[in-house]
Amino acid sequence: MSSPVTALTDLAVNFFRAQEKHAGVRPPFDFGLDPIASEAASRSFLVPEMGHVPGLQEAVEAIFQDSDLEYLRSREGELDPFVMHAGGGVRVSDSAFVTALLGSARARMFLLRLPEEEGEFARLVIEGFSELRRAARHEPVSGTAFFGFSGLSLSEDVQVATPWGVLRAAPPVTDPRSGFHPFRPTTTMVLSERRLLTVQFSRAAEPEFPEFDNEVRKADETAMQLFPLAWALASEDQSPVAPVLTWSTATLPFVGSTGFSSPQIATWPRPTIDVSDRVQEFERWAHAIHMRHTANVDIAARRIVSAISHRLDLSDALIDSVMAWENLVGTSLETTFRVTAALAKLLVQDPSERSAFRGQLSEIYGIRSRVVHGNFVAPKDVEDAAKKATNIAIASLKAAYERGGDWLALNSTQRADRLLLEEP
């Protein structure tokens, strides 16, 4: 009998050649996701014509002779093992473990824009087998989290290392119409991060799901919040941009995707902006945010991104932006005066110019109040106020990060007091 690595390599090569033969015969399945996610899901789902590739049964026999994997082998009269991880759980047969090695490698090759070569594909399959053995030995397993974003684009030759993973241009798809919807953002960039995950197996009919570390969930939430914010802070003056999350998924190399999570965000169709020339500024802000961000400014971070890229109504964008002001220097007493005075102190270096700037802030505050209380405001006034409020919110958060983590750790009232009591 061949060794597991030899049998898997032969299977991977046969499978790769079979999928090349069938390329273009069948379009990607439409999973109700955007074109990138639909194709990734299709690649991890083995097309029936490819399921009878020579060497499949031989690979199953060879792999499960490994002593590490004896517990996972299908047994007559017993349930197959239930695979449990932070993303969920699924019952998997021995042959399904092997086909998942193929499907997961195929999806990762696509999302990571790796060369479509049989040697590269075989390497990913063997790498996945190594992770399966690690899981069977109760060791942490290397998986990959993927996040799709829309609205911004990069040149195909650009890769950006961020604190939340590696950013790449979205890969080209076989059928751009699969999953396309005119009012749903289409993925233009993919962020990927390798992670160590805990996996457990059980043959019980009703497995007791363990308490997995929620650090994975926290990491996802952080990436989805701070990654778009870094682009907002790296924007050109008066023209803020922020990408919109389209979907997220996590892959285990011997299970495949744990499912695609797609936020229900409706946006007006917007032109995609190439930000390849802003990468250096983005990297600067990404690392600053990663090092200095505190939960005390979470609202400002979320509301700025929402105002830029999520709101269909500019009244909502105006409200979001002023809420960001208040999260930074808000107070329960004398709100308008204290907030505007503190922001003027934060943003305007020349004391003689602060009064006029504070007057502009008060005017925006007044428009926001009239909108909130249902009074009529001319649409053009709302539009102008929303744009100004958003740019001021961005400038204020930039200044807050530049002051450092200790200052950000204060609450909004303490920050306002510090600013107002500083020497001119």
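The values are calculated or read from the model by the stated rules, or taken from the named source; none is laboratory data. Please read these numbers as outputs of a predicted model, since none were measured by experiment. As a convention, Cβ positions derive from the backbone with ideal geometry for all residues, glycine included, and neighbour counts pool all protein chains shown.
Brief remarks follow.
- Here is the figure for region 140-159: residues that are in contact (Cβ under 8 Å) with a residue 60 or more places away in the chain, under 18 Å from Met109 (Cα atoms) and of a type outside the set (Gly, Ala, Ser) total 4.
- In the set Arg113, Arg106, only one residue is more than 16 Å from Val199 (Cα to Cα), touching a Lys or Arg at 6+ places or on another chain (Cβ under 6 Å) and surrounded by fewer than 17 Cβ atoms within 10 Å (Cβ to Cβ); that residue is Arg113.
- Test: Thr336 is surrounded by fewer than 17 Cβ atoms within 10 Å (Cβ to Cβ) and either without any contact (Cβ under 8 Å) to a residue 12 or more places away in the chain or over 16 Å from Ala395 (Cβ atoms) (or both): yes
- When Tyr365 is tested against (1) modelled with pLDDT of 95 or more; (2) closer than 23 Å to Pro240 by Cβ, just one condition goes unmet, and that condition is (1).
- Scan of region 64-120 for residues that are assigned to a helix (DSSP H, G or I) and over 18 Å from Val255 (Cβ atoms), ordered by number: Ser67, Glu70, Glu118, Gly119, Glu120
- Selection from region 237-253 of residues that are part of a loop (DSSP other than H, G, I, E, B), surrounded by fewer than 24 Cβ atoms within 10 Å (Cβ to Cβ) and modelled with pLDDT of 85 or more: Pro240, Val241
- Restricting region 28-45 to residues that are surrounded by fewer than 19 Cβ atoms within 10 Å (Cβ to Cβ) and within 28 Å of Phe201 (Cβ to Cβ), the residue that is modelled with the highest pLDDT: Phe45
- Val25 in a loop (DSSP other than H, G, I, E, B), modelled with pLDDT under 90, β-branched (Val, Ile, Thr) and more than 16 Å from Phe129 (Cβ to Cβ): yes
- Selection within region 62-82: residues that are touching a residue at least 24 places away in the same chain (Cβ under 8 Å) and over 11 Å from Arg203 (Cβ atoms). The member of this set that is surrounded by the most Cβ atoms within 10 Å (Cβ to Cβ) is Ile63.
- Candidate set: region 193-234, residues that are part of a strand (DSSP E or B) and exposed (fewer than 15 other Cβ atoms within 10 Å of the Cβ); chosen: the one modelled with the lowest pLDDT: Leu196
- Checklist (1) surrounded by 19 or more Cβ atoms within 10 Å (Cβ to Cβ); (2) under 13 Å from Arg203 (Cβ atoms) applied to Arg91, failing item: (1)
- Search result, residues across region 350-369 that are charged (D, E, K, R) and under 36 Å from the mean Cα position of the chain (by Cα): Arg368
- Residues of region 273-294 that turn out to be of a type in the set (Val, Ile, Thr) and over 18 Å from Phe149 (Cβ atoms), as a count: 1
- Val305 vs. criteria β-branched (Val, Ile, Thr) and touching a Leu at 6+ places or on another chain (Cβ under 6 Å): yes
- Check on Ala378, touching a helix residue (DSSP H, G or I) at 6+ places or on another chain (Cβ under 6 Å) and among the aliphatic types (A, V, I, L, M): no
- Single unsatisfied condition, Arg284 versus (1) at positive phi; (2) out of contact with any Gly (no Cβ under 8 Å at 6 or more places or on another chain): (1)
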